[in-house]
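Novice: I have a structure here, written as structure tokens, and I will follow up with some questions on it.
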Amino acid sequence: MSNEVTLDAVDRDILFHLSQDGRLTNVELAKRVGLTPPPCLRRVRRLEEAGVVTGYRAVIDPEAVGRGLEVLVAVEIYAQDRTSFEEFEGTVASYEEVVEFRRMYGRPDYFLRVAVADHAAYEAFLTGRLSCLPAVLRLESHLTMKEIKTGP
């Protein structure tokens, strides 16, 4: 959070409802949290300005946009210096197939969530882009059998 803000029960209720449906109208949100619209809108704006609410987005069906295969990739790298870390991170972050990218404590050094059309597209990504990066020591792919829970 950019500015410290104290959250009360109503703020937490607002956050819950917005996380479930970011397209709620202010009138509907106010009704759900037991406020009238003007104070509800003031609270939402305060939460946005404080950096508690960082944005709104559409959740897209990966199958509909040709990214039906999702793979979690554990990556260990050789690099120990800041420049190598930053170069590796900048390159991997630029790949459109990488939809989530996290540096970890301990091993592995990174986890990637990669979304591609199919197994052939993943193989092309892995062999043609990721595994040939100079910092890469080891890659381990984990294919999702079934998505059980995602999001809030």
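The values are calculated or read from the model by the stated rules, or taken from the named source; none is laboratory data. Computed from a prediction, not measured in an experiment: that's the story for all the values here. For neighbour counting, all protein chains shown are included, and Cβ atoms are generated from backbone atoms with ideal geometry for every residue, glycine included. Just so you know, the surface numbers come from the protein's heavy atoms only, side chains and all, with ligands and any DNA or RNA stripped out. Shrake-Rupley method; radii C 1.70, N 1.55, O 1.52, S 1.80 Å.
Novice: Determine the relative contact order of region 92-152: mean sequence separation of Cα pairs under 8 Å and six or more apart, normalised by residue count, in whole percent.
Specialist: With pairs under 8 Å counted, the relative contact order is 21 percent.
Novice: Which value, in Å² and to the nearest 10, is the accessible area of His17 when all protein chains are kept and the probe is 1.4 Å?
Specialist: For His17, solvent-accessible area is about 30 Å².
Novice: Another one. If you work out percent of Cα pairs over 22 Å apart from the coordinates, which of (i) 48; (ii) 56; (iii) 33 do you get?
Specialist: (ii)
Novice: Once a ≥ b ≥ c are taken as the square roots of the eigenvalues of the Cα gyration tensor of region 101-144, is the result rounded (a/c under 1.5), prolate (a/b larger than b/c) or oblate (a/b not larger than b/c)?
Specialist: Note, shape of region 101-144 comes out oblate.
Novice: Separate question: Under the rule that an exposed site lies in a DSSP loop and has at most 12 other Cβ atoms within 10 Å, name the longest stretch of the chain with no GluC sites (Glu not before Pro) of that kind, not counting the sites themselves.
Specialist: Answer - 5-95.
Novice: Per-residue HN-Hα couplings for region 53-67, Karplus 6.51 cos²θ - 1.76 cosθ + 1.60 at θ = phi - 60°, whole Hz, x for Gly and Pro?
Specialist: 9, 9, x, 10, 8, 8, 9, 9, 5, x, 4, 5, 10, x, 10
Novice: May I pose another question? Evaluate the Kirkwood expression for the hydrodynamic radius of region 1-66, namely the inverse of the mean inverse distance over all pairs of different C-alpha atoms, and round to one decimal in Å.
Specialist: Evaluated over region 1-66, this radius sits at 12.8 Å.
Novice: Can you sort Tyr105, Tyr110, Tyr56 by solvent-accessible area, 1.4 Å probe, largest first?
Specialist: In descending accessible area the options line up as Tyr105, Tyr56, Tyr110.
Novice: 5 Å is the cut-off here: which amide hydrogens, built 1.01 Å from N in the peptide plane, fall below it relative to Val99, excluding neighbours closer than 5 in sequence?
Specialist: Arg113, Val114, Ala115
Novice: Moving on to the next point. Between Ala9 and Ala93, what's the calculated FRET efficiency when r is the beta-carbon distance and R0 is 35 Å? Round to 0.05.
Specialist: 0.40
Novice: As a test question: what accessible area, to the nearest 10 Å², does Leu139 have when a 1.4 Å probe is rolled over all protein chains in place?
Specialist: 50
Novice: With each label point set 7 Å from Cα along the Cα-Cβ vector, what nm distance links Ser19 and Thr36?
Specialist: Going by the 7 Å Cα→Cβ label model, 3.0 nm.
Novice: Sort Phe111, Phe85, Phe16, Phe125 from largest to smallest accessible area, using a 1.4 Å probe on the heavy atoms of the protein chains.
Specialist: Sorted descending by solvent-accessible area, the residues read Phe16, Phe111, Phe85, Phe125.
Novice: Return the sequence-ordered ³J(HN,Hα) values of region 127-135 in whole Hz as given by the Karplus equation 6.51 cos²θ - 1.76 cosθ + 1.60 applied to θ = phi - 60°, using x for Gly and Pro.
Specialist: Residue by residue, region 127-135 yields 7, x, 10, 6, 5, 8, 5, x, 7 Hz.
Novice: Once the dipole of region 1-120 is set up with Lys and Arg at +1 and Asp and Glu at -1 on Cβ about the Cα centre, which of Ala117, Val27, Gly68 lies farthest towards its positive end?
Specialist: Value computed over the given set: Val27.
Novice: Using the Kirkwood radius over Cα pairs, work out the Stokes-Einstein diffusion coefficient for region 54-143 at 4 °C and 1.567 mPa s, in µm²/s as a whole number.
Specialist: Approximately 94 µm²/s, per Stokes-Einstein.
Novice: When only Cα pairs under 8 Å and 6 or more residues apart are kept, what is the percent relative contact order across region 1-143?
Specialist: Relative contact order, region 1-143: 25 percent.
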